[in-house]
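See structure below.
The values are calculated or read from the model by the stated rules, or taken from the named source; none is laboratory data. Predicted model, so just to flag it, every value in this text is computed and none were measured. Note that we place each Cβ from the backbone using ideal geometry, even for glycine, and neighbour counts take in every protein chain shown.
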Amino acid sequence: MAEREKLIEIKDLQITFGHGRKKFVAVDHVNFDIYKGETFSLVGESGSGKTTIGRAITRINPTSGGEILFKGRKINGRIPKELDLEVIKKCQMIFQDPMASLNERAKVDYIISEGLLNHHLYKDDADREAKVQKALREVGLLPEFASRFPHEFSGGQRQRIGIARALVMEPEFIVADEPISALDVSIRAQVLNLLNRLKKDRGLTYLFIAHDLSVVRFISDRIAVISKGRIVELAEAEELFLNPLHPYTKALLSAVPMPDPRMEKKKKLLVYDPSMHDYSVDKPVWEEIKEGHFVYGNQKELEEYRKEVK
Amino acid sequence: MMEQKNVILSAKDVEIQFSLRGKKLNAIRKCSLDLYEGETLAIVGESGSGKSVFTKSFVGMLDANGSITGGEIMFEGKDIAKYTKEKEWLTIRGKKIAMVMQDPMTSLNPLKKIGKQIQESIELHQGIKGEAAKKMALEMLEKVGIPNPEKRYNQYPHEFSGGMRQRVVIAIAVACRPQILICDEPTTALDVTIQAQILDLIRHLQEELKMTVIYITHDLGVVANVADRVAVMYAGQIVEYGTVEEIFYDPWHPYTWALLSALPQLGVKGEDLPTIEGTPPNLFNEIKGDAFAPRNKQALAIDFVKEPPFFKVSETHQAKTWYLDPRAPKIEQPPAVRMLRQQMRERG
């Protein structure tokens, strides 16, 4: 594990909105690394700050503390212009709602090539068209769709257009912000398969943001659970499901609906109450409790987690 | 499940058409359904399968260009499919059959206080006015688990979170003690943790108020959690129905198979999830044979020629597929279904 190349490193990241008395801490001292070629998932409720982290990596939201490193170079805060452009090209984003994230007045051709146009990443018009068509084919759409408008497509097809728009820039890293939450069950499977195939073919790395743990298990290599701007647990996908330690992770797991009626009817819903932690004297730390399995807690809690984990 | 089953609502061969640009769209094609008192029925299917339209016809909420063109819907001894006037519908809608819509962001009036919106429904349907109605509205707020009802009564929808708003919508729906509550994707717009709470709330209210609940959803996880019985819809028809255990552990319609197999929860990591290729049929055209056949890789020759009837699997379980005909070749259920059944047996 130690040998693996780190593509993204997040060190003590802090993001706040507003100033003075109205200051709101959205992301609070967050640390994690994303290795090249893996799917790293960030799971939490709405308002937990998961999207904010994704947006900070793609330089949409400014940060107020800490560091984000892309291939070992700092990419948050003030950075040289060339690096800024490189990050914009190499880190792309896929959005949640395919109904809202495409320009209704633009043809698919323009939507996909907008990034190319902005950065002049093509030799001539024929080259640009070829790139658009290649991207369309890669996501399983027909090249002639380029001349159509978004409203002519179904939800699944629109999400594919959103993916093609990210792919055409030839990124290394993609932030997928709840890419399947707004889709129908049958289309979800298609989009997940597509993301997995692209990962294999192109060696992509994903940051997958979601609120549904069950979907995330299928697609991710590692999962981080985030609550109120803090990552409370991080582990490999299977490990997290077998050995959930933090009470918030357990609560999330208990809320996930499983397609198994007998299991569902027996299930007990756990509710997470943040006031259960007494951090007044014993300060909490971020600790590796087992190889690759991190959890946030104070010494007393960590002691219990150690007993539990085996 | 209940021992003695009283049918509370019975739909027989319902057909619903919409006229669009001079053409007729057959949204519901001969749908039959018996709803038993006190049960929870889930209707599942893709978007466009007609699950919303079908249930909207129970409360007369079809769009202006749509109408029930055939069949009957019997409720309290009357055929409500024959209702045409708004006045007739008002004796049922909201009062006896109420609906909870998908998106709590759009189903509340942003300019009116929460309390007034609940009160409005009580005043309209129950003839209780003024202070008495306000008292009831406060009771309702408390019942759906909104803390501090006195203060919340005077707040506007934008001051509520998504989950709280959905609680208000539920309060409005159950304020008049309906016999049937139709929940149209009540939790799709919500977080998983909130979703679990809302499902729990509906379950409690159902027990307390002795309601019959219809869930419309495409999330099979939710179905497994709440339903007693399940009806699977495709292209304007119910293709399979049975108890929740029969549908999950022993389904027979290839469409039910495909829906279950496509779930990421049942997928094998590193392998592709089985997907449903193609798109649902165009309902402007007449459909020949089994509507799902063009998307079914294991379709039989007869599927393209003749529409299958319902075959009985058990007293409570029927599926509309030729696979169950004694003359059909033996076709095995897909791996995801076999896995579910095996897991169930292992756990006992």
The condition of being in contact with a strand residue (DSSP E or B) (Cβ under 9 Å, 6 or more places away or on another chain) and either in contact (Cβ under 8 Å) with a residue 40 or more places away in the chain or within 13 Å of A:Ile161 (Cα to Cα) (or both) holds, among A:Leu69, A:Leu83, only for A:Leu69
task = Answer with yes or no whether B:Ala262 is small (Gly, Ala, Ser), within 13 Å of chain A (Cβ to nearest Cβ) and closer than 19 Å to B:Pro104 by Cβ.
result = no
For the range A:195-211, check the following and say yes or no: at least one residue is more than 30 Å from B:Val232 (Cα to Cα), among the small types (Gly, Ala, Ser), crowded, with 22+ Cβ neighbours inside 10 Å and modelled with pLDDT of 90 or more. no
**Request:** Confirm whether A:Ile219 is closer than 24 Å to B:Ala189 by Cα and more than 8 Å from chain B (Cβ to nearest Cβ).
**Result:** no
Here the residues within the range B:4-26 that are farther than 17 Å from B:Lys56 by Cβ and either in contact with a helix residue (DSSP H, G or I) (Cβ under 7 Å, 6 or more places away or on another chain) or among the aromatic types (Phe, Trp, Tyr) (or both) are none
Among the residues of the range B:318-348, the number that are away from chain A (no Cβ under 14 Å) and touching a helix residue (DSSP H, G or I) at 6+ places or on another chain (Cβ under 6 Å) is 3
The correct count of residues that are within 11 Å of chain A (Cβ to nearest Cβ) and within 16 Å of B:Ile182 (Cβ to Cβ) in the range B:230-255 is 1
Result of the Cβ filter at 6 Å on the range A:252-272, keeping first residues that are over 24 Å from A:Ser48 (Cα atoms) and partners that are modelled with pLDDT of 85 or more and among the polar types (S, T, N, Q), at least 6 apart or interchain, is A:Pro259/B:Gln265; A:Glu264/B:Asn225
Filtering strands (runs of 3 or more DSSP E) wholly in the range B:1-91 for at least 1 residues that are on the phi > 0 side of the Ramachandran plot and more than 14 Å from chain A (Cβ to nearest Cβ) gives B:7-20, B:23-36, B:66-75
Within the range A:219-276, residues of a type in the set (Val, Ile, Thr) and part of a helix (DSSP H, G or I) come out as A:Ile219, A:Thr249
Residues of the range A:9-23 being surrounded by 10 or more Cβ atoms within 10 Å (Cβ to Cβ), not in a loop (DSSP other than H, G, I, E, B) and not aromatic (Phe, Trp, Tyr), in sequence order, are A:Glu9, A:Ile10, A:Lys11, A:Asp12, A:Leu13, A:Gln14, A:Ile15, A:Thr16
If we ask which residues in the range B:115-170 are within 23 Å of B:Met99 (Cβ to Cβ) and among the charged types (D, E, K, R), their number turns out to be 9
Restricted to the range A:24-73 and to residues being closer than 12 Å to A:Phe173 by Cβ and within 14 Å of chain B (Cβ to nearest Cβ), the residue nearest to the chain's Cα centre (by Cα) is A:Thr39
| task | Test A:Phe95 against the criterion of being touching a Phe, Trp or Tyr at 6+ places or on another chain (Cβ under 9 Å) and crowded, with 18+ Cβ neighbours inside 10 Å, and give yes or no. | result | no
- prompt: In this structure, does A:Glu238 turn out to be charged (D, E, K, R), more than 13 Å from chain B (Cβ to nearest Cβ) and either within 30 Å of A:Glu304 (Cα to Cα) or in contact (Cβ under 8 Å) with a residue 12 or more places away in the chain (or both)?
  reply: no
Among A:Phe173, A:Phe241, A:Phe149, the single one that is crowded, with 19+ Cβ neighbours inside 10 Å and either of a type in the set (Phe, Trp, Tyr) or in contact with a Leu (Cβ under 9 Å, 6 or more places away or on another chain) (or both) is A:Phe173
A careful count of residues in the range A:187-196 that are facing chain B (nearest Cβ under 9 Å) and either closer than 17 Å to A:Arg165 by Cα or touching a residue at least 12 places away in the same chain (Cβ under 8 Å) (or both) gives 5
Checked the range A:111-128 for anything without any contact (Cβ under 8 Å) to a residue 24 or more places away in the chain, surrounded by fewer than 18 Cβ atoms within 10 Å (Cβ to Cβ) and in contact with a helix residue (DSSP H, G or I) (Cβ under 8 Å, 6 or more places away or on another chain); matches are A:Leu117, A:Tyr122
### Message
One residue is enough: does the range B:283-303 have a residue meeting the conditions among the charged types (D, E, K, R), outside any loop (DSSP other than H, G, I, E, B), on the phi < 0 side of the Ramachandran plot and surrounded by 15 or more Cβ atoms within 10 Å (Cβ to Cβ)?
### Response
yes
Margin query: I'd like to know if the range A:166-176 contains one or more residues that are touching a residue at least 24 places away in the same chain (Cβ under 8 Å) and within 13 Å of chain B (Cβ to nearest Cβ).
Written below: no
For the range A:32-69 the number of residues that are outside any loop (DSSP other than H, G, I, E, B) and not charged (D, E, K, R) is 18
Of the residues in the range B:265-285, those that are without any contact (Cβ under 8 Å) to a residue 40 or more places away in the chain, farther than 19 Å from A:Gly156 by Cα and away from chain A (no Cβ under 12 Å) come to B:Asn285
So, first residue among the acidic types (Asp, Glu) in the range B:312-327, second residue not in a strand (DSSP E or B), Cβ within less than 8 Å, six or more apart or across chains; the pairs are B:Asp325/B:Pro308
